[in-house]
Amino acid sequence: MPNFRDYNQTQTVLRQLVPAQLLEEDHPARVVNAVVEKLNLDSIYASYKEEGKPAYHPQMMLKVLFFSYLIGNISCRKMESGLELRADYVFLSGDQVPDFRTLNTFRTRHMAQLPGLFSQIVLLCSALGMVDFKNLAIDG
């Protein structure tokens, strides 16, 4: 009989996961990550209290939401699935997996702040020369 390595698909596998090493340097998730790191989130932080169970970090939640919007995914159930299965989502979340209800609650809770954050993103992109405002369209 030929000499093969053991092969067992039902065997438990333990791996070290380093989210920062999952994506190539020019992946769109890295751009979203860098942009959200530069946003002023004081209005969102102000809505949290020191007491109670710790919440998921708003920066992480926004990175997941904004990346999802970038790739055309507005479903919180699909976001949760991405957080469990996709390297780009694992990178953004640091391998945390809020469920779809938590994602939707966060989005609903901060709906009033999102337009201001999108404005910050556009201004940041403009300052970096990524947009020029020659052609501008607003989709309601």
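Structural remarks
- Only Lys, Arg (+1) and Asp, Glu (-1) charged, at Cβ; the range 14-74 dipole about Cα centre in debye: 180 debye
- Dipole of the chain computed with +1 at Lys/Arg Cβ and -1 at Asp/Glu Cβ about the Cα centre; of Ser119, Asn3, Gly129, farthest Cα towards the positive end is Ser119.
- Net dipole in debye of the chain [+1 Lys, Arg Cβ; -1 Asp, Glu Cβ; about Cα centre; nearest 20]: 300 debye
- Exposure proxy for Ile138, Ile71: other Cβ atoms within 10 Å of each Cβ, ordered fewest to most, give Ile138, Ile71.
- Förster-model FRET efficiency, 41 Å R0, Tyr45 and Asn3, C-beta, rounded to 0.05: 0.10
- Nearest-ten-degree value, helix 28-38 long axis tilted from longest Cα axis of the chain: 50 degrees
- Answer label, with Rg and Dmax of the Cα atoms in Å calculated from the coordinates and candidates (1) 18.6, 52; (2) 29.5, 78; (3) 18.8, 69: (3)
- Dipole magnitude for the range 57-133: computed about the Cα centre from +1 point charges on Lys and Arg Cβ and -1 point charges on Asp and Glu Cβ, it is near 240 debye.
- Pairwise centroid distance, computed over Cα atoms, of the range 44-90 with the range 9-41, Å: 13 Å
A short reminder: the numbers here are calculations on the coordinates, not readings from a lab. Source: prediction; values computed, not measured. Quick reminder, even Gly has a Cβ in these numbers, built from the backbone with ideal geometry, and neighbours come from all protein chains shown.
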